[in-house]
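Note sheet for the following structure.
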Amino acid sequence: MKLKEAANKVEDGIEETLTYCDFPSEHWTRIRTNNVIERLNREIRRRTRVVGSFPDGNSALMLVCARLRHVAGTQWGNKKYMNMKHLEAAMEDASLAG
């Protein structure tokens, strides 16, 4: 095998990689991805590119914080990312079985 070190790395990390499988299947996609964070970062990047260059770091920080406050205060910030009822049911089942 030419990639012995890479194969060992994959083997060593397989349990950690599949940790999301311990959760209800309805949550798997949400746990494996970070789409919400990526979308927020794209929005911040888009806003800061419009400005071009900032006079100082504080100005950039103020713009980013203003955008984060806006997102937190709108419906986009109030959306539930996961339905926790699935997790609560799984926890109850686990406690009854154990």
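Just one of (1) within 25 Å of Ala90 (Cα to Cα); (2) modelled with pLDDT of 85 or more fails for Val64. It is (1). Among residues belonging to region 20-42 that are open to solvent by less than 60 Å² (accessible area, probe 1.4 Å) and within 15 Å of the chain's Cα centre (by Cα), point out the one that is nearest to Thr74 (Cα to Cα). That would be Leu40. With respect to (1) at pLDDT below 80; (2) within 20 Å of the chain's Cα centre (by Cα); (3) not hydroxyl-bearing (Ser, Thr, Tyr), the lone exception for Ala94 is condition (2).
Taken together, the residues in region 1-48 that are over 30 Å from Arg67 (Cα atoms) and in contact (Cβ under 8 Å) with a residue 24 or more places away in the chain amount to 3. Only one of the listed residues (Gly13, Gly77) is surrounded by 10 or more Cβ atoms within 10 Å (Cβ to Cβ), of a type in the set (Gly, Ala, Ser), under 21 Å from the mean Cα position of the chain (by Cα) and modelled with pLDDT under 80. That residue is Gly77.
The values are calculated or read from the model by the stated rules, or taken from the named source; none is laboratory data. Every value quoted in this text rests on a predicted model; they were computed, and no experiment measured them. Glycine also receives a Cβ, built like all others from the backbone with ideal geometry; neighbour counts cover every protein chain displayed. With ligands, DNA and RNA removed, areas are computed over all heavy atoms of the protein, side chains included. Shrake-Rupley method; radii C 1.70, N 1.55, O 1.52, S 1.80 Å.
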